[in-house]
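> Here's a structure for you.
The values are calculated or read from the model by the stated rules, or taken from the named source; none is laboratory data. Computed from a predicted structure; not experimentally measured. Cβ coordinates were reconstructed from backbone atoms using ideal geometry, including for glycine residues, and neighbour counts include every protein chain displayed. Side chains are part of the model used for accessible areas, which takes the heavy atoms of the whole protein and leaves out ligands, DNA and RNA. Shrake-Rupley method; radii C 1.70, N 1.55, O 1.52, S 1.80 Å.
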Amino acid sequence: MNENIKPYEIKMQKSLDSLNEEYSNIRAGRANPHLLDKIKVDYYGTPSALQAVANVSVPEARIIQIQPWESKLIKDIEKAIIASDLGLTPSNDGKVIRLVFPELTEERRKELVKDVKKKGENAKVAIRNIRRDANDAIKKLSKANEISEDEQKQIEDQVQKMTDKFVAEIDKVMEAKSKEVLTV
């Protein structure tokens with residue numbers, strides 16, 4: 001692979017990684033501990049990741065259980081969860097916080113699939129924009145006589161193959177997430 005297109009491949013990979021991260025935040029009726037990754041809890045005046053101050057587990061398909069290392073953190077953890085945009089109400093028994101995920105309705109599942117597809121299409125647009133930037137950079141090199149026309153065509157072909165690979169990967173991820181959301 002040509003060293004001129006390596007930075008563009010890295011950008012494309014970042015777009016795919018970003019899409020995967022967005023998908024991990026879409027809840028499909030099942031409890032996924034990664035939904036809590038962005039939640040910060042005030043721990044002795046320092047915002048700390050929830051996983052750093054508590055044990056997070058999934059005892060059942062629709063329940064996340066959070067067991068703080070220190071029982072006095074329960075109130076802070078509950079506040080952080082309520083303040084987040086998860087739309088879940090925590091319940092606690094003094095030792096453990098439980099988040100119960102309601103069963104998704106058919107209508108809500110269809111809305112989520114639309115959202116999954118929209119995010120996937122946005123990622124494809126980002127990939128194509130990166131391809132355009134790469135091709136523009138290659139054309140500039142060619143105009144400046146730093147590479148020959150044959151090399152330009154060869155590199156453009158590599159960029160197109162790389163683009164096709166990432167678009168196919170996005171399609172695969174999008175299909176898998178849609179299937180997960182629609183599964184009851």
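> From the phi of every residue in region 44-59, what ³J(HN,Hα) in whole Hz does the Karplus formula 6.51 cos²θ - 1.76 cosθ + 1.60 yield, where θ is phi - 60° and glycine or proline is x?
6, x, 10, x, 10, 5, 4, 5, 7, 10, 7, 8, 10, 9, 10, x
> What value, in deg cm²/dmol to 500, does the helix sum -39500 (n - 2.57) over DSSP H runs of n ≥ 4 give at 222 nm once divided by the residues of the chain? The partial results should precede the final answer.
Working: 5 runs with 105 residues, N = 184.
Value at 222 nm, helices only: -20000 deg cm²/dmol.
> What translational diffusion coefficient, in µm²/s and rounded to a whole number, does the Stokes-Einstein relation yield for the chain at 10 °C and a viscosity of 1.306 mPa s, taking the hydrodynamic radius as the Kirkwood radius over Cα pairs?
Working: Rh = 19.3 Å.
Taking Rh from Cα pairs, D becomes 82 µm²/s.
> Under 5 Å between amide H atoms, partner at least 5 residues away or on a different chain: which partners does residue 54 have, H built in plane at 1.01 Å?
Residues meeting the amide H criterion: 69.
> On average, how much accessible surface per residue is there in the chain, in Å², for a 1.4 Å probe, leaving out ligands, DNA and RNA? Please report the intermediate quantities before stating the final value.
On the way: 11110 Å² over 184 residues.
Normalised by residue count, the accessible surface of the chain is 60 Å².
> While we're here: Would you mind checking 117/143; 40/177; 11/110 for any pair whose Cα atoms are more than 29 angstrom apart? Write out the running numbers ahead of the final one.
Values: 117/143 39 Å; 40/177 26 Å; 11/110 31 Å.
Distance filter (> 29 Å) returns 117/143; 11/110.
> Filter the trypsin sites (Lys or Arg not before Pro) in region 89-133 down to the DSSP loop ones having no more than 15 other Cβ atoms within 10 Å, then list what survives. Don't skip to the end; give the middle numbers.
Numbers: sites: 95, 98, 108, 109, 110, 114, 117, 118, 119, 124, 128, 131, 132; in loops: 95.
Passing sites in region 89-133 are 95.
> Report, by chain and number, residues whose modeled amide H sits under 5 Å from the one on residue 62, excluding near sequence neighbours (fewer than 5 apart, same chain).
Those qualifying (amide H under 5 Å, at least 5 residues apart or on another chain) are 31.
> About the Cα centre of region 93-184, what is the dipole size in debye to 20, counting +1 per Lys and Arg Cβ and -1 per Asp and Glu Cβ, all else neutral?
Working: 22 positive and 20 negative charges, 71 e Å.
Once rounded to the nearest 20, the dipole reads 340 debye.
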